[in-house]
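Only one structure is covered here, and it is reproduced in the block below.
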Amino acid sequence: MSSKLAKVPEGTGILEVPVQGLEWTRLFVLRLKSSEVVSLGEKEREIGCLLCTGRVEVDSRYILGPRSEIFNSKPWGLYIPPGKKVDIKALDNSELVFATVKSEPNNVDVTVINPNEVERRVVGTHNWKRYVTQVIDKRIGAKHIIMGETVNPPGNWSSYPPHKHDKHNPPYEWKMEEVYLYRLNPPSGFGFQRIYTEEGDMDEVYTVTDYTALPITRGYHPVVAAPGYSLYYLWVLAGEDPVNIPRDDVKHAWIKWAEQIVKEL
């Protein structure tokens, strides 16, 4: 396995994903058996959390779930601002993914995001069609984090045309680091993640498998699912002023212009 590609640890409880090279972000998988309880919250970090499977109760006030699978459904989300702490109790065997991002107090309450409050968008067409759901962002008061999910049908591409967000050039591009956590259906599948730079000093391809994760700190980063396997990735964007406006690779941007023509064929 590449030194950059991390594997999610086995086991239960709070499992930190050993992703290296990120300035803002730490990534975790939380696996709970029914009736287990954990506390989440940090003084100087905000937390974004997505429910992958199961059903949980937050502070005996909110219920997240049920969610039976991640490939054809929208997630429940949970935002925990700096200085706040919540107790999460599993009502069924459950799995959540959460990221902590360095932040400062923001006078925002703990927020639950219902699937009905977010849109699962169809992006692209033909074999670069995918489904994108942005869950946690500034609209709920998040300061430095954006979090969501993308699902590629078998054989399809996403982050395509290739885009990047490694230079701060508003309103055309916002600088943010990113991390992807990949899942495959069936889980024996695989996909490929390419990362390359405009300057030509980096051009790397990673074979991504179920429960692997990859940091993306610079460069364009298209990803493709192998035929026969759906590819899901949970993504976290973080930075000083996160806005989800990337810059497309000008060599491939014509793909967007051609989408309407392809749809009419």
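Conditions (1) surrounded by fewer than 19 Cβ atoms within 10 Å (Cβ to Cβ); (2) in contact with a Leu (Cβ under 9 Å, 6 or more places away or on another chain); (3) of a type in the set (Lys, Arg); (4) more than 27 Å from PRO187 (Cβ to Cβ), marked per residue:
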site: ALA6; (1), (2), (3), (4): no, yes, no, no
site: GLY13; (1), (2), (3), (4): yes, yes, no, no
site: TRP24; (1), (2), (3), (4): no, no, no, yes
site: LEU32; (1), (2), (3), (4): no, yes, no, no
site: LEU50; (1), (2), (3), (4): no, yes, no, no
site: TRP76; (1), (2), (3), (4): no, yes, no, no
site: PRO82; (1), (2), (3), (4): no, no, no, yes
site: PRO105; (1), (2), (3), (4): yes, no, no, yes
site: PRO115; (1), (2), (3), (4): yes, no, no, no
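Quick one: SER68 ticks every box in (1) surrounded by fewer than 20 Cβ atoms within 10 Å (Cβ to Cβ); (2) within 30 Å of LYS263 (Cα to Cα); (3) of a type outside the set (Val, Ile, Thr); (4) modelled with pLDDT of 95 or more except a single one, so which number is it?
Of (1) surrounded by fewer than 20 Cβ atoms within 10 Å (Cβ to Cβ); (2) within 30 Å of LYS263 (Cα to Cα); (3) of a type outside the set (Val, Ile, Thr); (4) modelled with pLDDT of 95 or more, only one is false for SER68: (2).
Determine whether region 116-128 contains at least one residue that is in contact (Cβ under 8 Å) with a residue 12 or more places away in the chain, in a strand (DSSP E or B) and closer than 30 Å to LYS33 by Cβ.
The answer is yes, given that some residue of region 116-128 is in contact (Cβ under 8 Å) with a residue 12 or more places away in the chain, in a strand (DSSP E or B) and closer than 30 Å to LYS33 by Cβ.
Any idea which of TYR206, TYR196, TYR180, TYR220 is closer than 23 Å to GLU95 by Cα and among the hydroxyl-bearing types (Ser, Thr, Tyr)?
Details: TYR206 fails: closer than 23 Å to GLU95 by Cα; TYR196 fails: closer than 23 Å to GLU95 by Cα; TYR220 fails: closer than 23 Å to GLU95 by Cα.
Being closer than 23 Å to GLU95 by Cα and among the hydroxyl-bearing types (Ser, Thr, Tyr) holds for just one of TYR206, TYR196, TYR180, TYR220, which is TYR180.
If only one of GLY191, GLY124, GLY155, GLY148 is under 26 Å from ILE14 (Cα atoms), surrounded by 15 or more Cβ atoms within 10 Å (Cβ to Cβ) and of a type in the set (Gly, Ala, Ser), which one is it? Explain how you work it out, then say what you get.
Numbers: GLY191 fails: under 26 Å from ILE14 (Cα atoms); GLY124 fails: under 26 Å from ILE14 (Cα atoms); GLY155 fails: under 26 Å from ILE14 (Cα atoms).
The match here is GLY148.
Take the residues of region 198-238 that are out of contact with any Pro (no Cβ under 6 Å at 6 or more places or on another chain) and at positive phi: which is surrounded by the fewest Cβ atoms within 10 Å (Cβ to Cβ)?
GLY200
Can you name every residue in region 84-101 that is of a type in the set (A, V, I, L, M) and over 14 Å from THR12 (Cα atoms)? Give the steps one after another, and end with the answer.
The initial filter retains those residues of region 84-101 that are of a type in the set (A, V, I, L, M), namely 86, 88, 90-91, 96-97, 99, 101.
Result: VAL86, ILE88, LEU91, ALA99, VAL101.
Of ILE14, ILE47, ILE80, ILE88, which residue is closer than 24 Å to TYR233 by Cα, without any contact (Cβ under 8 Å) to a residue 60 or more places away in the chain and touching a Ser or Thr at 6+ places or on another chain (Cβ under 6 Å)?
ILE47 is the lone residue from the list that is closer than 24 Å to TYR233 by Cα, without any contact (Cβ under 8 Å) to a residue 60 or more places away in the chain and touching a Ser or Thr at 6+ places or on another chain (Cβ under 6 Å).
Show me the strands (runs of 3 or more DSSP E) found entirely inside region 185-257 where at least 2 residues are out of contact with any Phe, Trp or Tyr (no Cβ under 8 Å at 6 or more places or on another chain) and under 24 Å from SER103 (Cα atoms).
Working: elements: 191-196, 203-208, 212-216, 223-225, 230-238.
Answer list for region 185-257: 230-238.
The values are calculated or read from the model by the stated rules, or taken from the named source; none is laboratory data. The structure displayed is predicted, hence computed values, not measured ones. Every residue, glycine as well, gets a Cβ built from its backbone with ideal geometry; the counts of neighbours run over all protein chains shown.
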